[in-house]
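Inspection log for the structure reproduced underneath, given as structure tokens.
Throughout, read-outs are computed from the coordinates displayed, never taken from laboratory work. Because the structure is predicted, anything quoted here is derived from the model rather than measured. Every residue, glycine as well, gets a Cβ built from its backbone with ideal geometry; the counts of neighbours run over all protein chains shown.
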Amino acid sequence: MKPAHYVNGVFTTTGAAFPLISPIDGSRLGVVPEAPRDVVDAAVRAARSAIAGPWGRTSVEERCVFLRRIADGIEARFDAFVDAEVADTGKPRELASTVDIPRAIGNFRAYADLAYGRPERAYPTTVPGWSGSGQALNYTVRRPLGVVAIISPWNLPLLLLTWKVAPALAAGNTIVAKPSEETPSTATLLAGVIDEAGLPAGVFNLVHGHGADAAGEHLTSHPGVDAIAFTGASATGAAIMRHAADHVTPVSFELGGKNPALVFADADLTEAVEGTVRSSFTHSGQICLCTERVYVQRPVFEEFVAALAERTRALTDYGPMISAEHRDKVLSYYRLGVEEGATVVTGGGVPVFGDERDGGFFVEPTILTGLPESARTVREEIFGPVCHVAPFDDEDEAVRLANDSRYGLAATVWTTDLSRAHRVAPRVEAGIVWVNCWNLRDLRTPFGGVKASGIGREGGEYSLDFFSEPVNVCVKI
Ligand code: NAD
């Protein structure tokens, strides 16, 4: 299915076309329509009239049936989804078929379970003298917010889009979604599945295009949007928030990170090395949760760096950066690191494969050491396969280094000392702290970041809370 908008139940390719480029070899995969303002406008209007129609009166049970149908629809076209995700992102097939697409299916099933099983609160009340008399029953119902704008990034295109679409639908909203301009394909396939699942026209709308001064901004500045759920860079979040302020539109933001790993001398070093290879280099470092700062307790520093370098040099099956522009950005940080005084332990350049991948946007997995904490390479999110490894002496210093960042998304602690794990984890300024593991996810848990890494939490009841308003009903008995 070629990238197309899906507005009020109809697929269209209105708007100027821009090329979709394969990050694997630089070839042209096709074209994507850029939604002009009137297409975005039509999508918001369709979503508005859908919320006023029968969808706005559906029960949670009815909506959960749709969610399960959508999950089944993705599953039935599993290979097509994997093919599209691999083509757009260049990520290894193994990753798309074990993480991206199964998790997208899981998102719909999890939110069907969570929304259906969610209790509402009731408060039997004996009214005190100051507030009338008699007894009452207070209970809380949840109402959808209305028209929700969902903006998603390119790194986990379907996974992150459905992570918002599923709870937004479960809570009864209507949606206008805009996926990343770099990865429009699985979103279009999803619109096809939603169409087949029989959702009423206008409940889910999809528009393609760029962000600033384009479809993304048209959508997030639209007065007809009741809430904005965004995943992407912190600077983009700031730009969206400026528009959201005009209409006091609520936002849920999942933003960037510069995630630390703390490796204590008492850690199982083999596990810590394996875990750090995963956390730094999965999807070539293009996951918001990836580790870019590794702090290792001094007695095991040399041993850890040597083992990490050996494992990193052995990596062969890795994907490219999403675009030539992003590759250039990552390489500019490799150069900056050296200018700032880094020792390049391994990597630092562009790999040569001797095949079509040499036309793609690959960079080498890279380990740096020796930088001061003030270096831009240590402070700024690079979003590539690179980590800086630095020593620390004690627990307090480890926590101080981990927290010395404007970001606070995720952190990893490697230790076999149970007490230390419980002492350190709550002191780290991050929304998610993993101990002796990385990216082990339970979809019921709160997911999000502190500081510049986000606003609010998603996951489980947290998403359902964001996508709905509690309304208290007080009935006098
Ligand atoms: P990005 O912010 O450049 O783009 C994300 C989306 O926002 C795209 O769909 C884009 O078109 C749109 N956009 C861009 N400018 C806009 C504007 N002014 N108004 C409205 N929409 C706009 O991010 P990216 O490069 O696609 O993704 C990488 C970033 O996302 C990294 O910073 C990464 O850490 C972050 N990220 C965070 C999480 C998380 O859960 N916290 C998950 C994945 C990625």
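Tabulated data for the structure shown
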{"quantity": "For region 259-442: rounded, prolate or oblate by the Cα gyration tensor [a/c cutoff 1.5]", "calculated": "prolate"}
{"quantity": "Gyration tensor (alpha-carbon) shape descriptor, region 37-125, a/c threshold 1.5", "calculated": "oblate"}
{"quantity": "Cut-off 11 Å between beta-carbons: net charge of the residues surrounding V44, Lys and Arg +1, Asp and Glu -1", "calculated": "0"}
{"quantity": "Computed E for D72/N439 - FRET, C-beta separation, R0 25 angstrom, nearest 0.05", "calculated": "0.45"}
{"quantity": "Estimated dipole of the chain in Debye, rounded to 20 [Cβ of Lys and Arg +1, of Asp and Glu -1, Cα centre]", "calculated": "1580"}
{"quantity": "Cα-derived Rg over Rh, computed across region 241-328 with Rh taken as Kirkwood radius", "calculated": "1.14"}
{"quantity": "Whether the chain is rounded, prolate or oblate, judged on the alpha carbon gyration tensor where a/c under 1.5 counts as rounded", "calculated": "oblate"}
{"quantity": "Computed magnitude of the charge dipole of region 259-442 (debye, nearest 20; Cβ of K, R +1, Cβ of D, E -1)", "calculated": "320"}
{"quantity": "Environment charge of E94, counting only residues whose C-beta is closer than 15 Å and scoring Lys/Arg +1, Asp/Glu -1", "calculated": "-1"}
{"quantity": "Euclidean distance of C-alpha centroids, region 8-84 and region 261-306, integer Å", "calculated": "38"}
{"quantity": "Segments 410-416, 322-328, 162-168, 357-363 sorted - mean Cβ within 10 Å per residue, highest first", "calculated": "162-168, 410-416, 357-363, 322-328"}
{"quantity": "Sites matching trypsin sites (Lys or Arg not before Pro) across region 88-159 that sit in DSSP coil, with at most 13 neighbouring C-beta atoms within 10 Å", "calculated": "R121"}
{"quantity": "Value at 222 nm in deg cm²/dmol, rounded to 500, when DSSP H runs of n ≥ 4 in the chain each add -39,500 (n - 2.57)", "calculated": "-11500 deg cm²/dmol"}
{"quantity": "Cα lying deepest toward the dipole's positive end in the chain, options T343, N155, T445, charges on Cβ", "calculated": "T445"}
{"quantity": "Charge context of Y111, other residues only, Cβ under 12 angstrom, K/R +1, D/E -1", "calculated": "+3"}
{"quantity": "Cα centroid separation - region 382-439 against region 450-476, whole Å", "calculated": "28"}
